Amino acid sequence: MNTLTDSLQLAARLVVDADARLLAIVGLSLRVSLTACAIGALFGLLLGSWLAVARFPSHRVLVWAVNTLLALPSVVVGLLVYLLLSRSGPLGSWGLLFTPTAMVIAQSILVVPLIAALSRRLVLDGLTEGGEQLRSLGAGPFTAALLMLLHLRLGVLTVLLTAFGRAIAEVGAVMIVGGNIDGFTRVMTTTIALETSKGDLPLALALGLVLLAVVGLIQLLAARLPGRARLLPQQVWA
């Protein structure tokens, strides 16, 4: 395969024909990232809500730490999870290294700070407008924060879509803890990296097209939500 045109034609054929190998890789990618986002949502939304209303001496330090973790490189997360799950690590007896479960754990750790930081800002903005009404009805601070998340559910959905986009486009952590094993832990991003290095451009391009389509769909959905969260990066740190 010597030309980009030929590779693109073969890649398009793989997508149109619903190649079995392609579908298996895409399916695993979606399962891993969706599971990671579900777990991340559970912990991230609770943490973000709590940070929005909690007040204690080291509160600002904890908020700073969560916001700093937004820029945590995925390879560092992969390394930490690898050390935990390796045979000599504290969780090595569980036998999770180089499995999809290890990939879910790594991606969950990646998205929790993102969900927590954005949901905290979302709750703070919501409580500024409607917090007094909730408190007048007898809701405690944390209960009011959780109720505000329910009220701002479209904004929360935007946060979760953003987290899913972060998870499914991630490559470093899942390659370290998943091992990129063919037919078992090979997802879209790791396969693109491997097949490109091998010179198998059609499969890499086909997966790249699918990945772009998925990320583009996520951004389209987030942009069209009527109650979407309008969070600028600098607002997260406030």
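The values are calculated or read from the model by the stated rules, or taken from the named source; none is laboratory data. All figures in this text were calculated on a predicted structure; none of them were measured in a lab. Neighbour counts run over all protein chains shown; Cβ positions are idealised from the backbone, glycine included.
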> Among the numbered criteria (1) within 17 Å of Val75 (Cα to Cα); (2) in a helix (DSSP H, G or I); (3) more than 16 Å from the chain's Cα centre (by Cα), which single criterion is violated by Ala173?
Replying inline: (3)
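I'm checking my understanding of the structure. Among residues of the range 72-89 that are aliphatic (A, V, I, L, M) and free of Cβ contacts under 8 Å to residues at least 12 places away in the same chain, which one is nearest to Val156 (Cα to Cα)?
Residues of the range 72-89 aliphatic (A, V, I, L, M): 72, 75-77, 79-81, 83-85.
If we keep only those that are free of Cβ contacts under 8 Å to residues at least 12 places away in the same chain as well, we get 76, 83-84.
Details: Val76: 27, Leu83: 33, Leu84: 31 Å.
Restricting to residues being aliphatic (A, V, I, L, M) and free of Cβ contacts under 8 Å to residues at least 12 places away in the same chain, the top hit is Val76.
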> Does Leu69 satisfy being farther than 22 Å from Asp182 by Cβ, modelled with pLDDT under 95 and part of a helix (DSSP H, G or I)?
Replying inline: yes
> Do we have any residue at all in the range 166-180 that's small (Gly, Ala, Ser), surrounded by fewer than 23 Cβ atoms within 10 Å (Cβ to Cβ), more than 29 Å from Ala54 (Cβ to Cβ) and free of Cβ contacts under 8 Å to residues at least 60 places away in the same chain?
Replying inline: yes
>> Which pairs turn up if I take residues in the range 90-107 that are over 18 Å from Val75 (Cα atoms) and look for partners that are in a loop (DSSP other than H, G, I, E, B) with beta carbon separation below 6 Å, at least 6 apart in sequence or on another chain?
In response: Gly92/Ser86
> Is it true that Ser108 is touching a helix residue (DSSP H, G or I) at 6+ places or on another chain (Cβ under 9 Å), closer than 23 Å to Arg186 by Cβ and polar (S, T, N, Q)?
Replying inline: yes
>> Every residue in the range 27-45 that is of a type outside the set (D, E, K, R), surrounded by fewer than 20 Cβ atoms within 10 Å (Cβ to Cβ) and in contact (Cβ under 8 Å) with a residue 40 or more places away in the chain, please.
In response: Leu30, Leu34, Thr35, Ile39, Phe43
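So which residues in the range 131-146 are in a helix (DSSP H, G or I) and modelled with pLDDT under 70, if there are any at all? Before the answer, list the steps.
To start, the set of residues in the range 131-146 that are in a helix (DSSP H, G or I) comprises 131-136, 141-146.
Gly131, Glu132, Gln133, Leu134, Arg135, Ser136, listed by residue number.
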> Do we have any residue at all in the range 52-59 that's surrounded by 15 or more Cβ atoms within 10 Å (Cβ to Cβ), closer than 28 Å to Met103 by Cβ and not β-branched (Val, Ile, Thr)?
Replying inline: no
> Which one of the conditions (1) touching a helix residue (DSSP H, G or I) at 6+ places or on another chain (Cβ under 8 Å); (2) among the hydrophobic types (A, V, I, L, M, F, W, C); (3) farther than 15 Å from Val26 by Cβ; (4) modelled with pLDDT under 90 does Ile218 fail to meet, given that it meets all the rest?
Replying inline: (3)
